[in-house]
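Worksheet: one structure, shown below.
The values are calculated or read from the model by the stated rules, or taken from the named source; none is laboratory data. Computed from a predicted structure; not experimentally measured. When we count neighbours, we look across all protein chains shown, and the Cβ atoms used for this are built from the backbone with ideal geometry, even at glycine. These area figures cover heavy atoms from the full protein model, side chains too; ligands, DNA and RNA do not enter into them. Shrake-Rupley method; radii C 1.70, N 1.55, O 1.52, S 1.80 Å.
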Amino acid sequence: NFLPSAKMRVWFYKELSQTTLKSLEGFVKKTKNMFGRFPLFLNNLIGLRRVLLLSEKLWFSRVSFEGSFLVVSLVLSFWKKNQSFLVESLIDLEGVFVEGGEGFKVSCLDDNFFIIFDKIYNRLHYVL
């Protein structure tokens, strides 16, 4: 086990759950200095925390992996005013709106969830 004691696991999960975008990188660096290189499951957990934090900045209410799609639910009070920018930003990713425009989905394989999410983030964060 990467974190062999229950006390260390509780500390790790609590600290991770309290990170902000600004503090996440420092937390990762500190933890790697303490325990060494992360196993894949912890890299994925940290990646999911980052997705959650970036999603809030993008006015996404939910991001999930369903079937072979990255699925995003939008905070409509923000995105209704910026729909044209959203469409333009997603067109070459072949994004498809779902649930009457309340979200969108983009084709995504298991191993590129974070890559696709980063592409979406890099295209949309400029509007904010």
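Quick look at the values:
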| read-out | value |
| --- | --- |
| Selection within segment 87-97 - part of a helix (DSSP H, G or I), of a type outside the set (V, I, T) and either open to solvent by 90 Å² or more (accessible area, probe 1.4 Å) or in contact with a helix residue (DSSP H, G or I) (Cβ under 6 Å, 6 or more places away or on another chain) (or both) | E88, S89, D92 |
| Candidates F60, F12, F104, filtered to the one that is closer than 23 Å to Y126 by Cβ and touching a Ser or Thr at 6+ places or on another chain (Cβ under 8 Å) | F60 |
| Top-ranked residue in segment 98-116 [being in contact with a Lys or Arg (Cβ under 9 Å, 6 or more places away or on another chain) and in a helix (DSSP H, G or I); ranked as least open to solvent (accessible area, probe 1.4 Å)] | G101 |
| Any hit, segment 92-100, residues being more than 16 Å from L58 (Cβ to Cβ) and small (G, A, S) | yes |
| Those residues of segment 31-46 which are surrounded by 10 or more Cβ atoms within 10 Å (Cβ to Cβ) and either modelled with pLDDT of 95 or more or of a type in the set (A, V, I, L, M) (or both), in sequence order | M34, L42, L45, I46 |
| Some residue of segment 63-79 being of a type outside the set (F, W, Y), part of a loop (DSSP other than H, G, I, E, B) and touching a residue at least 40 places away in the same chain (Cβ under 8 Å) | yes |
| Cβ-Cβ under 9 Å pairs, at least 6 apart or on other chains, segment 6-21 side open to solvent by less than 70 Å² (accessible area, probe 1.4 Å), far side polar (S, T, N, Q) and assigned to a helix (DSSP H, G or I) | F12/T31; E15/T31; L16/T31 |
| Total residues in segment 47-60, condition out of contact with any Phe, Trp or Tyr (no Cβ under 8 Å at 6 or more places or on another chain) and open to solvent by less than 40 Å² (accessible area, probe 1.4 Å) | 3 |
